[in-house]
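Have a look at the structure below, then the notes.
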Amino acid sequence: MSFTTQHRQRGAVLMVVLVALVAMLVSVIALSRSMDTHHLVAGNLAFRNSTVHSSDAGVQSAVLFLQSTVGTPRLNTTAVADGYYAVVAEPDWDDETFWSQCGGCTVSAADGAGNRVQYVVHRMCSAQGNTNSAGNSCSLLTAAPTAANGGSFSADAVNFVGVAQNYYRISVRVLGPRNTSTLVQTFVSL
């Protein structure tokens, strides 16, 4: 009786075990590929965060440039070599020739990540020249604390008084390892 039971099996268990081993092998390969992808994504996010943090150096350099030239006629005209545009424009931010026009606008970030930081400044005006010139809209006046009559066709219009504030858009591009590129824009008023 034991002889006939052994004789009937003929390797069926071996086939089941081989199928199970193949399924386990496929799942191990899929798991390892998934882990590699997760590590790449985490690394790319770290590089991106590094470029965003490095952009502070570009913003700071641009603000120092603006503070050193505020109140001078130099800000009334475009100076491409300084990375300054007196008129608001929307350039092609991915165009390398746009960023290479200003050699002095490249800043080294102090974070040691090897990022290349570049900045440009756009004055938020419709035309070059003095900000208070007719037809040049770029200043914002503050409203008086109380409404006053006059100054408009309406009797209850608010008079605007105060010193004009000029707004500047600072655009910073940071290039990092693994072709990481980040564009950060900041608005400042002087």
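The values are calculated or read from the model by the stated rules, or taken from the named source; none is laboratory data. Everything numeric in this text was worked out from a predicted model, so none of it was measured. Cβ placement follows ideal geometry from the backbone for every residue including glycine, while neighbour counts extend to all protein chains displayed. We work out accessible area using only protein heavy atoms, side chains counted, and drop any ligands, DNA or RNA first. Shrake-Rupley method; radii C 1.70, N 1.55, O 1.52, S 1.80 Å.
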Complete set of residues in segment 45-80 that are of a type in the set (A, V, I, L, M), open to solvent by 40 Å² or more (accessible area, probe 1.4 Å) and farther than 27 Å from Gly112 by Cα: Val70, Val80
Boolean, Val120 is at pLDDT 60 or above, hydrophobic (A, V, I, L, M, F, W, C) and open to solvent by 80 Å² or more (accessible area, probe 1.4 Å): no
Long-range neighbours under 6 Å by Cβ, at least six apart or interchain, first residue farther than 11 Å from His122 by Cα within segment 68-84, second open to solvent by less than 60 Å² (accessible area, probe 1.4 Å) and assigned to a helix (DSSP H, G or I): Thr69/Leu75
Meets criteria (modelled with pLDDT of 80 or more and open to solvent by 50 Å² or more (accessible area, probe 1.4 Å)) for Thr146: no
Hits in segment 86-132 (condition: of a type in the set (Gly, Ala, Ser), in contact with a strand residue (DSSP E or B) (Cβ under 9 Å, 6 or more places away or on another chain), assigned to a loop (DSSP other than H, G, I, E, B) and touching a residue at least 40 places away in the same chain (Cβ under 8 Å)): Ala86, Ala109, Ala113, Gly114
